[in-house]
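> Supplied in structure tokens, the structure appears directly below.
Bear in mind these aren't lab numbers, they're just calculated from the coordinates by the rules spelled out. Treat the numbers as computed from the prediction; the structure is a model and nothing was measured. Reconstructed Cβ throughout: ideal geometry from the backbone, glycine too, with neighbour counts over all protein chains shown.
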Amino acid sequence: MKTLLLTLGLGLIAALQAQDPMALDSEEPDISGKWYIKAIVSDKGTPVRITPPMTCSVLSNRDLQVSFTRMHDGQCHEVEILLEKTSVPGEYTSFGGLSHLHVELSSVEDHRLFYCEGEFQEEKFRVAKLVSRNLEESPEALKEFKEFIWHKGLQEKDIFIPEQTGERTAPPKSSRTPSLSAT
């Protein structure tokens, strides 16, 4: 369970790579502000059904601080994680270099694709996410995400569409299972 939570947390971090709008490098994807996870795929499973939005801030040294809320033991907990900028555009490391994060622009406006791989407690993991600035569904972005994960060696059958919540994570109000609306 800890591995799965770390996988999601690292994925959230990667999704929220912020850039200061006044100092954007033309090669860096702009991921500042609030983002919603639209789709997740991992080689370790997906432990959560619902996700709140995530927010990130660029620091003066171009590292990123990512903030999100997660549910643990029935309580909401604010989480902040630091991502260290590498010399490669769109790439960051965290946890002493054990996790490597890569962010790509999507061809669909206000969407980003990211991929994270690393190691936690001597176990390797890989996770990819599709994130968006808004809650609207985008079949085009989902199609692009499926192609992206195929190139990363992840399985389309493992894609999970999380239920979106507000600023805090709350228990689901229904038992419905989110499904993919586009193939």
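> Taking the range 105-142 as the region of interest, how many residues are within 17 Å of residue 32 (Cα to Cα), surrounded by 19 or more Cβ atoms within 10 Å (Cβ to Cβ) and not aromatic (Phe, Trp, Tyr)?
Final tally of qualifying residues: 8.
> Which residue pairs have Cβ atoms closer than 6 Å, lie 6 or more positions apart in sequence or on different chains, and pair a first residue in the range 88-107 that is over 16 Å from residue 124 (Cα atoms) with a second residue that is of a type in the set (S, T, N, Q) and surrounded by 17 or more Cβ atoms within 10 Å (Cβ to Cβ)?
Here the result reads 103/17, each pair linking the range 88-107 to a residue that is of a type in the set (S, T, N, Q) and surrounded by 17 or more Cβ atoms within 10 Å (Cβ to Cβ).
> So which pairs qualify, if the first residue must be in the range 144-157 and within 9 Å of residue 41 (Cβ to Cβ), the second must be aliphatic (A, V, I, L, M) and assigned to a helix (DSSP H, G or I), the Cβ gap must be under 8 Å, and the two must be at least 6 apart or on different chains?
155/149; 156/149
> Please work out which residue is surrounded by the fewest Cβ atoms within 10 Å (Cβ to Cβ), limiting yourself to the range 83-104 and to residues that are out of contact with any strand residue (DSSP E or B) (no Cβ under 7 Å at 6 or more places or on another chain) and over 15 Å from residue 119 (Cα atoms).
It comes out as 87.
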